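Peer 1: Pasting in a structure now, in structure tokens, and then I'll have a few things to ask.
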Amino acid sequence: MKSLLPITLLSAALLINSSAENACGEPPSSVPADMVRIAGGSFTPIYKNKDQPQIEVAPFLLDIHPVTNADFLEFVRAHPKWQRSKVARLFADENYLSHWADDLDLGPERDHLAPAPVTRVSWFAARAYAAWKYCRLPTLAEWEFAGAAFTDSPDARDRPEYNDVILKWYGQTTPDIPAPVGSTFRNFYGVWDLHGLVWEWIEDFNSALVTGESREDGSLDRRRFCGAGALSATDARNYAAFMRYGFRSSLSAADTVANLGFRCARDLEPEIKNKP
Amino acid sequence: MKINIPLLPVLPVLSALLLLASCGKKTPDAEAEVTATETASPAPCCPEHGPAAPVNPAAPLPDTSLYQLEGEWQDHRGNTYPLKNLRGQVRIVTMGFTHCEYVCPRLVMDLKRFRENLIHQGRTDVGYVFISFDPDRDSPQVMADFAKKLAADGPDWTYLRGDANQVREIAAVLGINYQKQPNGSFSHSNVFAAVDREGRIVHQVNTIQDDAAPFAEKLPK
């Protein structure tokens, strides 16, 4: 895929989930070196629910960088069922890791691939990696919360320079090999590359109920959806967020995409949570 | 094997009555109609306790089978088993939750109409599966009560409860989007998926149905 998916702006009904479902493992007793603690807080998502206009994002840990091809190679070495020639088609499509030379070989471009974010991995594969390493993918709320930050501010969504960086990236064609992790910008929380490198999987990518073109008040089509009704986007300036929501809505769990990777998140232990 | 019977006239649509009556409560008329429907249909095939054993449990699952998903599920009869225990029978699957104020009873009613239609065409070998989004509230007993109230609790019905992680995975495989709301309910897309004996999704419809036979010839043997 040479260019980012053309996404048309949808007049969409979306609903936001702020809770993380921790399904596995124990939280670490200290913050791992390759993660940072994000303090969390109140967050006004781009799609507001009028009953709950702000959502609470609990403190959590987030990878400083996206997962690299080198990282992922280590994972599939340890878990052969996730190697390219062995993975079940239910869990990853036929382009899974197609940019590698072989199951356990990055190929002649290995020097460029090793430090670059891994792409062409499905949601299932990303979750399997996360479970192996830290436990889970970030939720939509966590990702958007961390992603609202620019270099010097935790919430730069109103700032033209923040939006310009992202929209400029959306306008570029996808390179054959992404730049190495750590090559875009380090945000206020110390997290790199949330924008400017690859799109990223989230745990609840299938939580958006997008109805498409809607000329009414935004209520859900009751034949297609069962639910409490809709949200409308209130901030039309945040085109970047529209793009991300639209992109995620277009994904299926087994899809692999040339510019879609991921990073890991983790819950905190109560002691770490309460530290300032 | 299909038996050539002309299609009987479509049964009265009960869903409107049941929706008006709200989840779990039935008007006397609706209850009488539902009972009449149940006694009119031939007895379904399947054993009382737990799903039928897979045809060939030793054979590997095809690599697009959703029965490859791991995790233990509880059904409304209190049995616990992995999804692959559903192997060996064609199934129509949907997802909902019993505390639903909107459309979920209609999902079960649609399954009932599909079932009636299939039975009248000689297909008594199909199973009907309702997977819950809501492990916190949909215990086996709650699901059993829900099934009974909707008269959708015969041997060919299965209601399943898994943890939040399992729910996220099965929904992802079935292409169902959903979102837990602050009040504990779930907003979700309405999907019916036909799954073959080996767990492969063979056809899917993405709205509640007026058609009693949306799977028509698409249902595998």
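Peer 1: Just list whichever of A:81/B:218; B:112/B:180; A:86/B:180 have alpha carbons separated by over 29 Å in the model shown. Don't skip to the answer; put the middle values down first.
Peer 2: On the way: A:81/B:218 32 Å; B:112/B:180 26 Å; A:86/B:180 34 Å.
Long pairs (Cα-Cα over 29 Å): A:81/B:218; A:86/B:180.
Peer 1: If you take each beta carbon of peptide B:162-175 and count the beta carbons of other chains within 10 angstrom, what is the mean?
Peer 2: Working: counts 0, 2, 5, 8, 1, 1, 10, 6, 0, 4, 11, 6, 2, 3.
Shielding by partners across B:162-175 averages 4.
Peer 1: List, in order, the whole-Hz ³J(HN,Hα) value for each residue of the stretch A:61-73 obtained from phi through the Karplus relation with A = 6.51, B = -1.76, C = 1.60 and θ = phi - 60°; use x for Gly and Pro.
Peer 2: 9, 9, 4, 5, 10, x, 5, 9, 4, 5, 4, 5, 4
Peer 1: Return the whole-Å distance between the Cα centroid of the stretch A:241-257 and the Cα centroid of the stretch B:146-221.
Peer 2: Measuring centre to centre over Cα atoms gives 22 Å.
Peer 1: Any idea how far apart residue B:101 and residue B:136 come out in nm if each label point goes 7 Å out from Cα toward Cβ?
Peer 2: 1.6
Peer 1: Still on this structure: Can you give the average number of partner chain beta-carbon atoms within 10 Å of each beta-carbon in peptide A:85-95, as a whole number?
Peer 2: Per residue, the average neighbour count from other chains is 3.
Peer 1: Roughly how crowded by other chains is peptide B:100-110, in terms of the mean Cβ count from those chains within 10 Å of each of its Cβ atoms?
Peer 2: 2
Peer 1: A further question follows. Using a Förster distance of 56 angstrom, determine the FRET efficiency expected from the C-beta separation of residue A:168 and residue B:63, and round it to 0.05.
Peer 2: That gives a FRET efficiency of 0.85.
Peer 1: Given 0.36 nm per residue, what is the gain on full extension from residue A:85 to residue A:252 after removing their alpha carbon distance, in nm?
Peer 2: Values: separation 167, 0.36 × 167 = 60.12 nm, distance 2.07 nm.
The span from residue A:85 to residue A:252 would gain 58.1 nm if fully extended.
Peer 1: Quick one: Karplus J couplings for the stretch B:90-99, per residue in order, coefficients 6.51, -1.76, 1.60, θ = phi - 60°, nearest Hz, x for Gly and Pro?
Peer 2: Going residue by residue, I get 5, 9, 10, 10, 9, 10, x, 7, 6, 7 Hz, with x marking Gly and Pro.
Peer 1: What spacing in nm lies between the two simple spin-label points modelled at residue A:95 and residue B:80, each 7 Å away from Cα in the Cβ direction?
Peer 2: Here the modelled spin labels are 4.1 nm apart.
Peer 1: Checking the a/c ratio against 1.5 first, then a/b against b/c, what shape does the Cα gyration tensor give for the stretch B:71-218?
Peer 2: Because its axes are fairly even, with a/c under 1.5, the stretch B:71-218 counts as rounded.
Peer 1: Assuming R0 = 41 Å, can you tell me the calculated FRET efficiency for the pair residue A:103 and residue B:148, based on Cβ-Cβ distance, to the nearest 0.05?
Peer 2: 0.20
Peer 1: Ordered by packing density, taken as the mean number of other Cβ atoms within 10 Å over each peptide's residues, highest first, how do B:120-131, B:139-150, A:58-69 rank? Don't skip to the end; give the middle numbers.
Peer 2: Working: B:120-131: 19.9, B:139-150: 18.4, A:58-69: 21.8.
With the highest mean Cβ count within 10 Å placed first, the list reads A:58-69, B:120-131, B:139-150.
Peer 1: Can you give me the C-alpha center-to-center distance between the stretch A:168-211 and the stretch A:118-135, rounded to a whole angstrom?
Peer 2: 16
Peer 1: Still on this structure, please answer the following. Which value, in square angstrom to the nearest 100, describes the accessible area buried between chains A and B on both sides, using a 1.4 angstrom probe?
Peer 2: Values: alone 13060 and 10870 Å², together 21190 Å².
About 2700 Å² of accessible surface is lost on pairing.
Peer 1: Quick check: from the Cα gyration tensor, does the stretch A:100-148 come out rounded (a/c under 1.5), prolate or oblate?
Peer 2: Prolate is the answer for the stretch A:100-148, as a/c is 1.5 or above and a/b outweighs b/c.
Peer 1: If I stretch the segment between residue A:177 and residue A:34 completely, what's the gain in nm (0.36 nm per residue apart, minus their alpha carbon distance), one decimal?
Peer 2: Between residue A:177 and residue A:34, full extension yields an extra 49.2 nm.
Peer 1: Then there's this: What nm value, rounded to one decimal, do you get for the distance between residue A:70 and residue A:152 when each label is placed 7 Å out toward the C-beta?
Peer 2: 3.3
The values are calculated or read from the model by the stated rules, or taken from the named source; none is laboratory data. Given the structure is predicted, the values throughout are model-derived calculations rather than measurements. Note that each Cβ is placed from the backbone with ideal geometry, even for glycine, and that neighbours are counted across all protein chains shown. These accessible areas exclude ligands, DNA and RNA; they are computed on the full protein's heavy atoms, side chains included. Shrake-Rupley method; radii C 1.70, N 1.55, O 1.52, S 1.80 Å.
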